[in-house]
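The values are calculated or read from the model by the stated rules, or taken from the named source; none is laboratory data. This one's a predicted model, so the numbers in the text were calculated from it and none came from an experiment. No Cβ is skipped: glycine too gets one built from the backbone with ideal geometry, and neighbour counts run over all protein chains shown. SASA here: full protein model, heavy atoms, side chains in, ligands and nucleic acids out. Shrake-Rupley method; radii C 1.70, N 1.55, O 1.52, S 1.80 Å.
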Amino acid sequence: MQNVIRWGIMAPGSIAHPFVEGLITLKEAKVVAVGSRNLNRAHSFCHQYKIPRAYGSYEELASDPEIDIIYVATPHPFHKDCVKLCLNAGKAVLCEKPFTLNARDSLELAELAREKKLFLMEAMWTRFLPAMAKVRSWLKQGVIGEIRSMKADIGYRSEFDPESRLFDPSLGGGALLDIGIYAVSLASMVFGKQPDTIKSVVEMAPTGVDEQSGILFGYDKGRFASISTAIRTTFVNDAVIYGTEGYIHIPDFYHAQQAILYPKDGRKEAFGPMFTSTGYQYEALEVMSCLHEDRLESNVMPLDETVAIMAVSYTH
């Protein structure tokens with residue numbers, strides 16, 4: 001793998017903009033092509049970010065021999081087919097969250113990537129922010145003692161529109177897959193395992209997607225994670241991790257600028273803000289490090305954990 005990693009962007013939708021804005025700040029990255037089902041949209045995106053090639057189909061993008069890795073930014077229901085297309089074309093892949101709509105499809109993609117000996121990772125960008133890396137370091141050092149519980153709230157107010165992606169079940173709508181997955185992933189990172197028990201309360205939208213829910217994950221020794229998520233209610237989107245020797249507060253955790261340590265001895269320590277550009281470049285740095293080192297998976301967001309998180313979130 002050459003020093004500069006050449007990226008292709010599959011689907012120039014809203015999430016692709018902050019990703020590319022972060023990516024172009026990295027000297028070791030170069031965006032060389034964009035693929036869309038609408039060639040005019042691909043051209044417009046290329047013009048905005050000075051990207052040399054635009055394709056009017058995903059197949060053309062996947063076939064481009066000058067691309068090392070493809071960032072899949074399609075809507076949720078199309079992730080599986082798009083990732084398969086890329087892998088079968090011999091391309092490494094970074095796929096937006098949620099990885100797929102169910103655990104079965106996630107496992108299928110993981111197995112295909114391993115069979116093809118190609119890199120694949122879920123783009124759970126929050127994992128790679130400097131503040132979140134600091135949280136992992138504190139937890140590994142045991143600075144708050146034994147982890148006893150965690151709470152994470154993530155919600156925002158959107159107007160009900162049955163035709164929008166958020167409220168359309170055929171497009172993977174609902175609060176859990178849209179934003180709640182960040183909290184589920186955080187719980188997985190904090191506890192290092194999936195819950196033994198799950199309890200929840202939920203309010204369904206008229207279209208049949210989850211509009212708001214409260215979720216309680218149970219672990220061994222009475223430990224638990226409390227999660228709330230919504231797409232019709234604005235929350236204070238904070239997370240707190242409680243241990244026997246203190247706690248860690250992560251304000252606005254799903255794009256954390258800071259992490260604040262409150263140890264038992266009262267010596268508060270604040271880390272951050274360390275956030276530059278859009279923040280999406282940090283996951284890209286991890287991807288490129290893996291490619292340079294010929295690693296097929298990230299240790300921070302491994303495929304087995306992605307599959308396990310999807311099994312907790314949605315199994316059907």
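Tabulated data
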item: Which numbered condition Ala62 misses (of (1) among the small types (Gly, Ala, Ser); (2) closer than 27 Å to Ala308 by Cβ; (3) touching a Cys at 6+ places or on another chain (Cβ under 6 Å)); result: (2)
item: Candidates Glu66, Glu115, Glu108, filtered to the one that is within 21 Å of Pro12 (Cβ to Cβ) and modelled with pLDDT of 95 or more; result: Glu66
item: Filtered residue count, the stretch 195-207, keeping only those that are in a loop (DSSP other than H, G, I, E, B) and either within 25 Å of Phe167 (Cβ to Cβ) or of a type in the set (D, E, K, R) (or both); result: 4
item: Pick from the stretch 208-239, criterion among the polar types (S, T, N, Q) and either part of a strand (DSSP E or B) or more than 22 Å from Ala256 (Cβ to Cβ) (or both), ranking: nearest to the chain's Cα centre (by Cα); result: Thr229
item: Residue that is at negative phi, buried (at least 16 other Cβ atoms within 10 Å of the Cβ), among the hydrophobic types (A, V, I, L, M, F, W, C) and more than 23 Å from the chain's Cα centre (by Cα), where the choices are Ala205, Ala270; result: Ala205
item: Identity of the residue in the stretch 16-37, touching a Pro at 6+ places or on another chain (Cβ under 9 Å) and of a type outside the set (Ser, Thr, Tyr), that ends up surrounded by the fewest Cβ atoms within 10 Å (Cβ to Cβ); result: Val32
item: Condition check for Thr233: in contact (Cβ under 8 Å) with a residue 24 or more places away in the chain and either within 18 Å of Leu101 (Cα to Cα) or surrounded by fewer than 23 Cβ atoms within 10 Å (Cβ to Cβ) (or both); result: yes
item: Qualifying positions in the stretch 156-172 - touching a helix residue (DSSP H, G or I) at 6+ places or on another chain (Cβ under 7 Å), more than 19 Å from Ile309 (Cβ to Cβ) and open to solvent by less than 30 Å² (accessible area, probe 1.4 Å); result: Ser158, Leu166
item: Val287 being under 21 Å from Ala73 (Cβ atoms), touching a residue at least 40 places away in the same chain (Cβ under 8 Å), in a loop (DSSP other than H, G, I, E, B) and of a type in the set (A, V, I, L, M, F, W, C); result: no
item: Selection status of Ser44, touching a residue at least 24 places away in the same chain (Cβ under 8 Å) and of a type in the set (Gly, Ala, Ser); result: yes
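Residues are listed down the side, and each one gets a yes or a no for (1) among the β-branched types (Val, Ile, Thr); (2) over 22 Å from the mean Cα position of the chain (by Cα):
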{"position": "Ala16", "(1), (2)": "no, no"}
{"position": "Val20", "(1), (2)": "yes, no"}
{"position": "Ile24", "(1), (2)": "yes, no"}
{"position": "Ala29", "(1), (2)": "no, no"}
{"position": "Tyr55", "(1), (2)": "no, yes"}
{"position": "Glu59", "(1), (2)": "no, yes"}
{"position": "Glu66", "(1), (2)": "no, yes"}
{"position": "His79", "(1), (2)": "no, no"}
